[in-house]
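Encoded as structure tokens, the structure appears first; notes follow it.
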Amino acid sequence: MVVMQLRHLEYFIALAEEQHFARAAARCNVTQPTLSTAIATLEAQLGKRLVQRDRRFVALTIEGETILSHARRLVAAHHEMRLAIDAAGSLRGEMRLGCIPAAMPYTGRFLRALTADYPDLRVAIRQLTSDHILRGITGFELDAGLTYLTGDAPAGVTAAPLYHERYCLAAHPRSPLAQQDSVSLAEAVGEPLCLLHQGMQNRRILDAHFARLRVQVQPVATTDSYLALLSLVAHGGLNSIVTDSHAAFIAPDTGVRLIPIADLPQTNSIGMLVAAAEPMAPVARAALAVAQKLTQA
């Protein structure tokens, strides 16, 4: 019977994600020869080549890609078992939280509520797209995600709504629209714009509004960062269409104004996603409980 060591699976997962032997070794706090030997041992135990390499990492083999999800499931199950044991007292360990860019301003509020109930739990926050968050949760790479909720929760996950966001025009100080109390979407796109790129769900939702109102838009610049958008507005002379979630983080001296868009009354729902496994992992259960508590506050 082949007995695989859990740490060898952890090294393999790190190598698959880092795609570089030295970075994977540093992430696992071992030397590169130690990691390479562990991967070779795992390959010998399975009787399959898992990694294509020619003095360096090239790619996972088909067999490597096949076992990756199983390796993640085994490591996640062990992690959850340890947390379940610890949960008899104070929940310890790390919560891996994915967060869409639009929801980043909410992370402080969530962390404050989380640490009030679970003071020994640490949080690692990663900025990801909504698609990556869903794949991360179902693929055991994330414990929870702050993301858009659209209709029913996808298969395999449980959702808890948290708040709603609304689109606004972010007008730079010299924009002719900066003094208006509201604008139409057609007015908003009549000036040079910067927007999130089309791979992001926030932009895809906005594009659906453009199509519905038959508005054509050609942004001067696109980005995957809200910070970059606000910088392009404050200092780059562009306007943007953003959500009101960042309003509290716009310094008054930038002169940037967030102006309601009159013909975009719809709001987007932001919530917490966790895997719908039974029994639910302790960290996922904690994230869901805190989200539900924040909703009721």
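The values are calculated or read from the model by the stated rules, or taken from the named source; none is laboratory data. Nothing here was measured: the structure is a model prediction, and the numbers come from that model. Cβ atoms come from the backbone with ideal geometry, glycine included; neighbour counts cover every protein chain shown. Quick note on the areas: whole protein, heavy atoms, side chains included, nothing else; ligands and nucleic acids left out. Shrake-Rupley method; radii C 1.70, N 1.55, O 1.52, S 1.80 Å.
Among the residues in segment 270-283, are any of a type in the set (D, E, K, R), more than 23 Å from Leu146 (Cα to Cα) and in a loop (DSSP other than H, G, I, E, B)? So far as segment 270-283 goes, no, none of its residues is of a type in the set (D, E, K, R), more than 23 Å from Leu146 (Cα to Cα) and in a loop (DSSP other than H, G, I, E, B). At least 1 residues being open to solvent by 20 Å² or more (accessible area, probe 1.4 Å) is the threshold, and among the strands (runs of 3 or more DSSP E) wholly inside segment 126-201 those reaching it are 144-149, 157-165. Selection over segment 6-30 of residues that are surrounded by fewer than 14 Cβ atoms within 10 Å (Cβ to Cβ) and either in contact (Cβ under 8 Å) with a residue 60 or more places away in the chain or over 30 Å from the mean Cα position of the chain (by Cα) (or both) gives a count of 1.
Evaluation of Gly255 against the conditions (1) surrounded by 15 or more Cβ atoms within 10 Å (Cβ to Cβ); (2) modelled with pLDDT of 90 or more shows that the sole unmet condition is (2).
Residues of segment 280-296 that are open to solvent by 40 Å² or more (accessible area, probe 1.4 Å) and touching a residue at least 60 places away in the same chain (Cβ under 8 Å): Ala289, Gln292, Lys293, Thr295.
Arg204 fulfils the conditions (1) touching a residue at least 12 places away in the same chain (Cβ under 8 Å); (2) under 30 Å from Leu142 (Cβ atoms); (3) of a type outside the set (A, V, I, L, M, F, W, C); (4) open to solvent by 50 Å² or more (accessible area, probe 1.4 Å) except for a single criterion, (1). Gly89 satisfies every condition listed in (1) modelled with pLDDT of 85 or more; (2) in a loop (DSSP other than H, G, I, E, B) except (1). Among the conditions (1) open to solvent by 20 Å² or more (accessible area, probe 1.4 Å); (2) in contact with a Leu (Cβ under 6 Å, 6 or more places away or on another chain); (3) touching a residue at least 60 places away in the same chain (Cβ under 8 Å); (4) of a type outside the set (Asp, Glu), the only one that Phe249 does not satisfy is (2). Filtered by the rule that a residue be touching a helix residue (DSSP H, G or I) at 6+ places or on another chain (Cβ under 7 Å), more than 12 Å from Leu185 (Cα to Cα) and either among the aliphatic types (A, V, I, L, M) or in a loop (DSSP other than H, G, I, E, B) (or both), segment 205-223 gives a lone residue, Ala221. Of all the numbered requirements in (1) open to solvent by less than 60 Å² (accessible area, probe 1.4 Å); (2) in contact with a strand residue (DSSP E or B) (Cβ under 7 Å, 6 or more places away or on another chain); (3) without any contact (Cβ under 8 Å) to a residue 40 or more places away in the chain, Thr222 misses one, and that requirement is (1).
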